[in-house]
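Worksheet: one structure, shown below.
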Amino acid sequence: MSFFPNPRSIAFRLIVGVVAAELIATVAVVSLSFGYERHMHFRAFDVMLHGRADSVLGAVQDAEDAADNVMLNQADLHLPPDDVYEVDDASGRVLGRSSNWQGVDKNIIGFSDEGFSDLTVNSHRYRVLCFHGSRIVDPGEPGGGKLRQVIIFYGASTGRVWRSIRGAVELYAGGSLLLLLVSGPLIAWLLHRGLLPLRQLASLASLVSVDSWQFSPPASARTTPELAPLTHAIESVVARLERSFSQQKVFVSDAAHELKTSVAVLKSSLQLLGIKRRTAQEYQAGLERCLADCLRLEEIVAKMLTLARVENASVAAQKSVADLADSMRQVVAQLETFAALKNIQLSVAAPPTGACPVPVSAEDCSLALSNLLLNALQHSPAESTVELRLVNDGTIVELQIEDHGEGIDPQSLPHVFDRFYRSDPSRTGSTGGTGLGLAIAKAVIERAGGSIAISSQLGQGTTVTVRLPVANEVPAHSSS
């Protein structure tokens, strides 16, 4: 990854977003500084105009005439040459004005109005103050003298004020832009450094493949709060994928072994029949063996397809509801003959029919139960009892199938749900099973949100415990 991110990357969007926010902040700061500087400078400027207008008022003196008028003594005024002023008496007579001003337009500023106005004087912008003042003529006479009202117009050019304001604003703007120019590359560098754990994580994740499942995320990714959930998620996904691929490889290998064995047995039976001429009875016996081998091969393929169907069923197909008590009684009825042939008793303890609704289709429910019960019958000795106990506590339905057979070796117990697994390493299938029954039962139960567990002791027997959530709906078909 280069220092400058791709325009479509998150880093580029973050940089653009931050820079845009800083630019907006810069515009806001410049605007606020302009308003503040303008206010403060013109406030000081207005105070200055008041002071100079007071100076002009101080130059208004007694005219020493019979009417006791006032006059403006301009000789006592020491004002900036660019300033303009005018003094009028109450009757509107001009007592004096600056040489660089032709007078005030009375239509803009009235005699009775006090305040500031912006005027153009000699092609320059001036701020003019209209100020009403008074002077007392002959204060020593009886009655305290005579009061004379005057109106003072005093203005000064605002050019210097605007230059000062512009200078202050330019300082703010220049500093903000400099900060923006410095912070932009700095933010890009910080984001580049900050996203280093993410790039390392992506680089290591890209090395994961079907042939290599090694994934060791960097410590920085684990300790970064924003990346820790992503790191754990990737680890979990890789672990699940590795387990799925491993199971798939094992399944394919075991399936190939099972099918190869059955095909090899069938092939050898046919080859044996063709080696020499045989009697009709020998051909009949050979064909029966071939038919038995074909039936076993068909059973393996059928159970493989059933397992694939159960494991790959969509979530929408899991809305069926079955009555576990009803399904259990039906399965027991179907296998009673098989149990009687082995001289095994079946003991059933269950609630009434319709009392144990579970989120499994009736077909899959019967399939799982028949596999579990058949497995218990196959591993039970003659004159023993297989016990089935079903309990519903309102939220969970628990089924226990207990036999008193030879039990399962502790080393084999963790693998009993593996596909094609049988504790007999020779894989002769002496029990007649394919090694898929328990795998199918587990897939059906776990797809419904339940769990299955097996506990066993050698020489004492095995107990299978199935726990399924109670369905909210009532089974569509019930024998009640």
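The values are calculated or read from the model by the stated rules, or taken from the named source; none is laboratory data. Remember, it's a predicted structure, so these values are computed and weren't measured experimentally. For neighbour counting, all protein chains shown are included, and Cβ atoms are generated from backbone atoms with ideal geometry for every residue, glycine included.
A few comments on the model shown:
- When PRO229 is tested against (1) out of contact with any Lys or Arg (no Cβ under 9 Å at 6 or more places or on another chain); (2) closer than 29 Å to ASP418 by Cα; (3) free of Cβ contacts under 8 Å to residues at least 24 places away in the same chain, just one condition goes unmet, and that condition is (2).
- Residue check, SER320 surrounded by fewer than 14 Cβ atoms within 10 Å (Cβ to Cβ) and not aromatic (Phe, Trp, Tyr): no
- Where strands (runs of 3 or more DSSP E) sit wholly within region 48-95, those with at least 2 residues that are among the hydrophobic types (A, V, I, L, M, F, W, C) occupy 70-72, 84-89.
- Region 8-43, subset basic (Lys, Arg) and under 21 Å from the mean Cα position of the chain (by Cα), residue surrounded by the fewest Cβ atoms within 10 Å (Cβ to Cβ): ARG8
- Any hit, region 242-261, residues being under 30 Å from VAL16 (Cβ atoms) and of a type in the set (Ser, Thr, Tyr): no
- Here SER262 meets each of (1) more than 30 Å from MET304 (Cα to Cα); (2) surrounded by 11 or more Cβ atoms within 10 Å (Cβ to Cβ); (3) among the polar types (S, T, N, Q) with one exception, condition (1).
- Output for region 330-353, where each listed residue is surrounded by fewer than 16 Cβ atoms within 10 Å (Cβ to Cβ), out of contact with any Ser or Thr (no Cβ under 7 Å at 6 or more places or on another chain) and assigned to a strand (DSSP E or B): VAL348, ALA349
- Close pairs (6 angstrom Cβ cut-off, 6 or more residues apart or separate chains): on the phi > 0 side of the Ramachandran plot in region 129-145, assigned to a strand (DSSP E or B) anywhere: GLY145/ILE136; GLY145/VAL137
- Evaluated against (1) modelled with pLDDT of 90 or more; (2) among the polar types (S, T, N, Q); (3) exposed (fewer than 15 other Cβ atoms within 10 Å of the Cβ), THR462 falls short on exactly one condition, (3).
- Residue check: ILE452 meets all listed conditions (1) aliphatic (A, V, I, L, M); (2) at pLDDT 85 or above; (3) part of a helix (DSSP H, G or I) but one, namely (3).
- Every condition in (1) at pLDDT 85 or above; (2) polar (S, T, N, Q); (3) closer than 28 Å to GLU235 by Cβ holds for GLN200 except the one numbered (1).
- Residues in region 138-166 that are of a type in the set (A, V, I, L, M, F, W, C) and buried (at least 18 other Cβ atoms within 10 Å of the Cβ): VAL150, ILE151, ILE152, PHE153, ALA156, VAL161, ILE165.
- Residue in region 354-371 that is surrounded by fewer than 16 Cβ atoms within 10 Å (Cβ to Cβ) and part of a loop (DSSP other than H, G, I, E, B) present: yes
- Residues that are of a type in the set (Ser, Thr, Tyr) and surrounded by 11 or more Cβ atoms within 10 Å (Cβ to Cβ), drawn from region 207-251: SER220, THR223, THR224, THR231, SER246
- Criterion: closer than 23 Å to VAL29 by Cα and either in the same structural domain as ALA25 (by TED's automatic domain parsing) or not hydrophobic (A, V, I, L, M, F, W, C) (or both) - qualifying residue of PRO142, PRO185: PRO185
- Residues of region 170-197 classified as in a helix (DSSP H, G or I), touching a residue at least 40 places away in the same chain (Cβ under 8 Å) and closer than 29 Å to GLU226 by Cβ, total: 9
- Considering ILE275, ILE234, the condition of being modelled with pLDDT of 80 or more, out of contact with any Ser or Thr (no Cβ under 6 Å at 6 or more places or on another chain) and more than 30 Å from LEU196 (Cα to Cα) is satisfied by ILE275 alone.
- Members of region 140-163 that are among the aliphatic types (A, V, I, L, M) and closer than 24 Å to ALA59 by Cβ: LEU147, VAL150, ILE151, ILE152, ALA156
- Among residues of region 273-298, those that are in a helix (DSSP H, G or I) and either in contact with a helix residue (DSSP H, G or I) (Cβ under 6 Å, 6 or more places away or on another chain) or surrounded by 12 or more Cβ atoms within 10 Å (Cβ to Cβ) (or both), counted: 14
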